[in-house]
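**Q** Please find one structure pasted underneath; my questions will follow.
Quick note: the coordinates plus some simple rules give every number you see, no bench work behind them. This is a predicted model, so every value here is computed, not measured. Methodologically, a virtual Cβ is constructed for each residue, glycine included, from the backbone with ideal geometry; neighbour enumeration extends over all protein chains shown.
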Amino acid sequence: MIYREAGQFQTTYSGDMRIFPIRQDRIAVSLLLAAAFFLVPFIGNDYWLGAILIPFLILSLAALGLNILTGYAGQVSLGSAAFMAVGAFAAFNLMLRVQGLSVLLAFAGAGLVAAGVGLVFGLPSLRIKGFYLAVTSLAAQFSIEWALTRFPWFTNNNPSGVISAQKIVILGYRFDTPARRYVLTLAIVALLALAAKNLVRSRIGRAWMAVRDMDVAAEVIGIPMLRTKLTAFAVSSFYCGVAGALWAFAYLGTVEPQAFDLNRSFQILFMVIIGGMGSVLGSFLGAAFIVLLPILLNVATHALLPAHVSGSLTSNLELVVFGGLIVFFLALEPLGLARLWQIGKEKLRLWPFPH
Amino acid sequence: MRYTAIRIGLVALLGGAAFALPVPAQEQFIPMASYRVGPYAAGGTGVFGGFIDYLDMLNLRDKGINGVKLTWEECETEYKNDRGVECYERLKGKGPTGAAVFNFLSTGITYAVIERATADKIPVVSIGYGRTDASDGRVFPYVFPLITNYWSQNTAKVKFIGMKEGGMDKLKGKKIVNLYHGSAYGKETIPVLDLQAKKYGFTVTHIEVAHPGNEQESQWLQIRQLKPDWVILRGWGVMNPVALKTAAKVGYPRDHIIGVWWSGAEEDVLPAGDAAIGFIAAGFHPGGTDFQVMKEVQKYVYSGGHKGNLEDLKRFGSIYYNRGIITGIINAEAIRTAQARFGKKPLTGEQVRWGLENLNIDEKRLKELGALGLLQPIKASCRDHEGGGAVKFSQWDGKQWNVITDWIPSDQSIVRPMIEESAAAYAKEHGITPRDCSKE
């Protein structure tokens, strides 16, 4: 009913190729964005903005980065957290060593440095495929973490090897409250998500998908393997790098290389798998599932179970329920939450007259 | 009749006023950002078990602190920084006056909340972990790495080695290996060891073990080639038993391995079996149940149908559990100190901070608390947020930890200048003007 498209005809090619061809989608997305920008910062408190929404947005961005590489270009990687680390430490060092650099430029620079490192670690993908490539991407994870711990230059000789991110000031405006940092994070994530959506609909994105579906066939029809695979690595690492810089600057404030360990890489990979491979929406749904659900379960067990139930029991129970839900959703729809949404939408468009 | 009406009106007015101004609950909220799952759950369940049991005992025995009941709520951090920050934000505003004081039992989370807590005016206590240079209270007014920090502990270790060798002058020409966990925590003592090596004339070799440390063959082969006189084990979690087992395999004597206090619990040595016999660890408190305060906890919390926080009662009196009791004592005494100044009512974080800074637990107070021998005297100040600094060394005999030294004080002539230098660098990086302690 709400998805009835009667009367919506596309009369131009550009109209047919827009991101959201259905009017209801356009309205819903604009309303969502407007609410996120203009309503949430005013009604959300410090806890919701600073501890829930900011990390959710940042990890969505990292998941989006990995989704470009794994979901669209078909290259499995277990090194996303390492590229986040590169971004965080690059932004810190750029701010530290370049006098008067704007934070936004530092974030962009952090993304570019991460993209450069990603290119290097993407080189094996020209020879190795599938699980074997995943194993070589572990090299990125371990060697980057090792280098950041080993060489004190990266942390400006901090004895414990941690960095304290500089304050975010843009054109004299201080982003010092959770609400302001949330708006900044949201703006960056929204812009990059829009760029990603357009990128995957472009020639580059179609080349990635061709490589993903069958790389020999793609090469035969003239898609350059080297350039296609390496751009996927570079763009993916750029997104992860910006996410890492935001993690350090807009969320935690103080990070150590261990904040970006293998577990974080797995976490991001799970977001992509549960959210839906090859879907921008899936990156956000997956991040919501992996980031928000454990917190929700923690709050719920404390609220629902009587006070005398031991803390160890509730903590372990949360993990059990969380694991169960992962199995449930993957059994229900192996292609992820985004696919569930898509199926629901298809049904709604035909309702009430399914074939 | 008219007067009656006025009287009724007055009573109604007064009654209304009384309802409009609810009496604030006499409750002090203490957040428990604990971790009970994951690789470090043994530490989390033990320490937070002891912490909660001690507060529970105060509630049952004394009706809280001076009549102010203690309340708490747990939040699972999984020892992860992002979850820790989430817990901080979730719990900071609970209770009638907000969170009194945070304890995270995680160096990473403590680092991550320093700026938030300073802005929110809530003190963060990190007993035996956390940011070492926060001992300089002029730069870090809201952070309290109480009792002892890693650098202090490290100088005490070198003193202990000197004692064993027969004098500090005998250290000249000796070889010491620093086997450390490849993390911020593990790296923290490298500069202070280098400095002491220069001062006393021994050589120190730093060897890193990558996290989590369940594979150490190559490191111990390197140690066998170096033939060091002592090995300092700066381990955490699974790294500790693996180090001891591998040392046994390459034939390095365990009684020449000295661990930090995060290597010195029952959970660190039991998995290594006989390979751990003889291993020495530093600690800022002993284990055991032979203290009056432990008997009180046993009496009030674990008897008469009341059930304490521990699930496995065998862990009562273990190293981690006693560390929790100590954490409880220090937090409660800080609130008590602050109440003496601000009144016997629920206090804000800012007021509890004053209590922490003016904390003075002397021998007499320790005796009253029933913690003589469990805890060392502590006196914090605006300048010094550490307040103690001494450690005792214990040796594992295969069944229990036996204390083998008295309190060995740290060498503040080495540590304090390093702390001030590091804190000054932090102040400069963040544009903080250090407080003037003469005006506090």
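**Q** Just checking the output field for B:108-121: average partner chain Cβ neighbours within 10 Å of each residue's Cβ?
**A** Taking the mean over all residues of the peptide, I get 4.
**Q** Between residue A:128 and residue A:46, what length in nm is gained on full extension when 0.36 nm per residue of separation is reduced by their alpha carbon distance?
**A** 24.9 nm
**Q** Now, a different point. Applying 1/(1 + (r/R0)^6) with R0 = 30 Å to the Cβ-Cβ distance of residue A:22 and residue A:209, what FRET efficiency is obtained, to the nearest 0.05? Kindly include the intermediate steps, with their values, before the conclusion.
**A** On the way: r = 22 Å, r/R0 = 0.75.
Efficiency for this residue pair is about 0.85.
**Q** Distance from the Cα centre of region A:161-235 to that of region A:71-123, in angstrom?
**A** Between the Cα centres of region A:161-235 and region A:71-123 lies a distance of 11 Å.
**Q** Which aspartates and glutamates have a Cα less than 19 Å from the Cα of residue B:198, not counting those fewer than 8 places away in the same chain?
**A** B:165, B:169, B:188, B:229, B:411, B:421
**Q** Can I ask one more? At 0.36 nm per residue, and after removing the present C-alpha to C-alpha distance, how many nm does the segment from residue A:216 to residue A:101 gain when stretched out fully?
**A** Values: separation 115, 0.36 × 115 = 41.40 nm, distance 4.51 nm.
Taking residue A:216 through residue A:101 to full extension adds about 36.9 nm, to one decimal.
**Q** Are there chymotrypsin sites (Phe, Trp or Tyr not before Pro) in region B:221-264 that DSSP puts in a loop and that have at most 12 other Cβ atoms within 10 Å, and which ones?
**A** Loop-located and lightly packed - none at all.
**Q** Here's something else I'd like to know. Would you work out the Kirkwood radius for region B:372-440? I mean one over the mean of 1/r across all pairs of different Cα atoms, in Å.
**A** Values: mean 1/r = 0.0664 Å⁻¹.
The Cα-based Kirkwood calculation yields 15.1 Å.
**Q** Let me ask you something else. Between region B:74-111 and region B:363-384, how many Å separate their Cα centres?
**A** 26
**Q** Relative to the longest principal axis of chain B, what angle (0 to 90°, nearest 10) does the C-alpha long axis of helix B:107-120 take?
**A** Once rounded, one gets 30 degrees.
**Q** Let me understand region B:151-283 better: what is its radius of gyration from the alpha carbons, and its Dmax, in angstrom?
**A** Final numbers for Rg and Dmax: 13.5, 37 Å.
**Q** Which value results when the Cα radius of gyration for region B:53-104 is divided by 2.2 N^0.38 Å?
**A** Normalised Cα radius of gyration, region B:53-104: 1.30.
**Q** Compute a Gaussian network model of chain B, connecting alpha carbons closer than 10 Å, and tell me which residue from B:417, B:346, B:253 fluctuates the most.
**A** Result for chain B, Cα springs under 10 Å: B:417 fluctuates most.
**Q** Sticking with this one: Within 10 Å of each candidate Cβ there may be at most 13 other Cβ atoms; applying that plus a DSSP loop requirement, which GluC sites (Glu not before Pro) in region B:168-256 survive?
**A** Sites meeting the loop and neighbour criteria: B:215.
**Q** Expressed as a rounded percentage, what relative contact order does chain B have, with Cα pairs under 8 Å and six or more residues apart?
**A** It rounds to 20 percent for chain B.
**Q** Within chain B, what percent of beta bridges assigned by DSSP are antiparallel, to the nearest 5?
**A** Numbers: 12 of 42 bridges.
So the antiparallel bridges amount to about 30 percent of the total.
**Q** Let me ask another. Quick check: the distance between the Cα centres of region A:305-330 and region B:209-262, to the nearest angstrom?
**A** Centre-to-centre (Cα) distance: 37 Å.
**Q** Something else about it: When a footprinting reagent is the concern and you count Cβ atoms within 10 Å, what order do A:351, A:146 take, fewest first?
**A** Ordered by Cβ neighbours within 10 Å, fewest first: A:351, A:146.
**Q** How large is the helix-only mean residue ellipticity at 222 nm for chain A, computed as the sum of -39500 (n - 2.57) over DSSP H runs with n ≥ 4, divided by its residue count, in deg cm²/dmol to the nearest 500? Write out the running numbers ahead of the final one.
**A** Details: 16 runs with 225 residues, N = 355.
So the helix-based figure for chain A works out to -20500 deg cm²/dmol.
**Q** Could you calculate, for the protein assembly as shown, the ratio of the Cα radius of gyration to the Kirkwood radius, expressed as Rg to Rh?
**A** That ratio is 1.01, to two decimals.
**Q** When only DSSP loop residues count, what trypsin sites (Lys or Arg not before Pro) in region B:312-378 have their Cβ near at most 15 other Cβ atoms within 10 Å?
**A** Of the trypsin sites (Lys or Arg not before Pro), the ones in loops of region B:312-378 whose Cβ has at most 15 other Cβ atoms within 10 Å are B:344.
**Q** How much mean residue ellipticity at 222 nm does chain B get from its helices, if each DSSP H run of length 4 or more adds -39500 (n - 2.57) and you divide by all residues, to the nearest 500 deg cm²/dmol?
**A** -14000 deg cm²/dmol
**Q** For each pair in B:299/B:379; B:379/B:399; A:129/A:197, compute the distance between the two Cα atoms and list the pairs where it is over 28 Å.
**A** From B:299/B:379; B:379/B:399; A:129/A:197, over 28 Å: B:299/B:379; B:379/B:399.
**Q** Cut-off is 10 Å between beta-carbons; in what order do A:70, B:77 appear when sorted fewest neighbours first?
**A** Listed from fewest to most nearby Cβ atoms, that is A:70, B:77.
**Q** Shifting gears a bit: Any idea what angle helix B:190-200 forms with the longest principal axis of chain B, computed on alpha-carbon atoms, 0 to 90 degrees, nearest 10?
**A** The answer is roughly 50 degrees.
**Q** What ranking of B:53, B:169 emerges when the number of other C-beta atoms within 10 Å of each C-beta is taken as an exposure proxy, fewest first?
**A** B:169, B:53
**Q** Looking only at other chains, what is the average number of their beta-carbon atoms within 10 angstrom of each beta-carbon in B:83-93?
**A** 5
**Q** Once you place label points 7 Å from the Cα toward the Cβ at residue B:170 and residue B:435, how far apart are they in nm?
**A** Rounded to a tenth, the inter-label distance reads 4.5 nm.
**Q** While we're looking at this one, here's another question. Mind listing the Cα extents of region A:115-212 along all three principal axes, in Å, largest one first?
**A** Result, largest extent first: 46, 38, 18 Å.
**Q** With 5 Å bins from zero, work out the P(r) of region A:39-262 over every alpha carbon pair and list the percent per bin.
**A** Binned Cα distances yield the sequence 1, 7, 15, 19, 18, 15, 11, 7, 4, 2, 0, 0.
**Q** If you build the convex hull over the alpha carbons only and average its shadow over all orientations, what do you get for region A:22-150? Give it in nm² to one decimal.
**A** Working: hull surface 44.8 nm².
With the hull built on Cα positions only, its mean projection is 11.2 nm².
**Q** Per residue, how big is the convex hull around the C-alpha atoms of chain B? Give it to me in cubic angstrom, could you?
**A** Numbers: hull volume 72.7 nm³, N = 440.
Each residue corresponds to 165 Å³ of Cα convex hull volume.
**Q** Counting just the Cα atoms, what span does region A:10-93 cover along each of its three principal axes? Round to the nearest Å and put the largest first.
**A** The Cα atoms of region A:10-93 stretch 50, 40, 21 Å along their principal axes.
**Q** Counting only residues 5 or more places away or on other chains, whose amide H sits under 5 Å from the amide H of residue B:72 once H atoms are built in the peptide plane?
**A** Excluding prolines and chain starts, which carry no amide H, the hits are B:30.
**Q** Is there a simple number for the mean count of other chain Cβ atoms within 10 Å of the Cβ of residues in A:148-159, and what is it?
**A** Whole-number average of other-chain Cβ neighbours for A:148-159 is 4.
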